[in-house]
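Reading through the structure tokens given below for one structure.
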Amino acid sequence: MGIENCGHLDQPIGIWNYVRIADDIVRQVPRGDMLDWGCGYGQMTYLLKRRGLNVTSFDVGDPAKASLPDVPLCRGLEVVRSAHPTALPFPDRSFDAVLSCGVLEHVDEMSEPGNEIKSLHEIARVLKPGGTFLVYQLPQRFAWQEAVLRRLKIGYTHPRRFHLAELSRLLRETGFSVQRVRRANLIPKTLSGMPEGLRRAYGKSGRALVALDAGLAGLPGIRHVAGVLEVTARRSSS
């Protein structure tokens with residue numbers, strides 16, 4: 001699409017993975033008001049709106065810039081922005097659900113250490129009692145792909161990676177209870193730096209590879225080296 005730093009959208013397998021996530025979300029939250037927290041290019045907002053959810057796009061940045069980046073998929077979507085690194089410009093109990101898709105791991109990276117907790121408190125604040133917090137694309141501590149990339153010193157790896165026990169503790173401390181845990185991305189979804197022949201093969205098989213990945217990532221043992229965690233948590237009802 002000619003956009004810098006857009007490797008997660010430059011291959012069919014990446015797009016099919018976001019479609020999979022959107023379908024999984026609406027199975028858990030079939031209706032209501034949702035906040036797409038850290039919406040980025042807006043691909044999840046787009047997919048969820050098409051599935052009937054009332055989605056508000058939010059990202060950190062200049063509040064005067066209300067448009068999403070000019071991605072063909074997402075043209076015309078509006079975004080609420082705030083210059084504050086953690087505070088959300090929404091009243092208490094505004095949303096039935098909040099989505100974090102590839103965002104939580106970057107909070108401390110973008111601001112000061114300790115802002116993960118502040119951000120989670122803000123998410124709890126804007127959720128209605130009993131509301132749903134959906135976490136996707138959260139880098140797992142022992143992901144094999146990132147271990148290989150770090151060893152070879154190629155490609156991008158996340159400075160911040162999570163162990164499930166650590167994430168569960170953070171969620172409990174901020175008023176959430178974990179409802180469901182899954183893993184994904186045993187099969188790479190971002191192909192930056194890969195040979196062109198392999199990229200073409202992925203392009204032809206993207207949908208099938210995403211389905212295969214869902215099966216592999218559920219296998220005992222091997223799932224602990226999958227790329228990402230997918231966690232559903234519930235805000236306390238008080």
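Just so you know, all these numbers are worked out from the coordinates, no wet-lab data involved. The structure displayed is predicted, hence computed values, not measured ones. Every residue, glycine as well, gets a Cβ built from its backbone with ideal geometry; the counts of neighbours run over all protein chains shown.
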Measuring from the longest principal axis of the C-alpha atoms of the chain, the long axis of helix 196-216 (C-alpha) lies at a number of degrees, nearest 10, equal to 60 degrees
Taking 0.36 nm per residue of separation between SER177 and ILE117 and subtracting their Cα-Cα distance, the length gained on full extension comes to 20.1 nm
Taking Cα atoms only, helix 164-173 is inclined relative to the longest principal axis of the chain by an angle, in degrees rounded to 10, of 10 degrees
Candidates for mean projected area of the Cα convex hull in nm² are [x] 18.1; [y] 14.5; [z] 12.8, and the calculated one carries label [z]
Relative contact order as a percentage, segment 7-235, C-alpha pairs under 8 Å and 6+ apart, gives 23 percent
Burial-style ranking of 56-62, 181-187, average other-beta-carbon count within 10 Å with highest first, yields 181-187, 56-62
In deg cm²/dmol, rounded to the nearest 500, the helical mean residue ellipticity at 222 nm of the chain, built from -39500 (n - 2.57) for every DSSP H run of length 4 or more, is -10500 deg cm²/dmol
Farthest towards the positive end of the dipole of the chain, among PRO129, GLN43, ALA211 and with Cβ unit charges of +1 on Lys and Arg and -1 on Asp and Glu, lies the Cα of ALA211
Pseudo-spin-label distance SER94 to LEU170, built 7 Å along Cα→Cβ, given in nm, is 2.2 nm
For ILE222, placing the label point 7 angstrom along Cα-to-beta-carbon and taking segment 143-175, residues whose amide nitrogen sits under 20 Å are 143-149
Here FRET efficiency (C-beta to C-beta, GLU196 to ALA147, R₀ 22 Å, nearest 0.05) is 0.35
Tilt, helix 115-126 to longest principal axis of the chain (alpha-carbon atoms), in degrees rounded to tens, equals 60 degrees
Computed from the beta carbon distance with a Förster radius of 22 Å, FRET efficiency for ALA87 and ARG160 to the nearest 0.05 stands at 0.60
Ranked output for segments 85-98, 11-24, 131-144 by mean other Cβ atoms within 10 Å, highest leading, reads 131-144, 11-24, 85-98
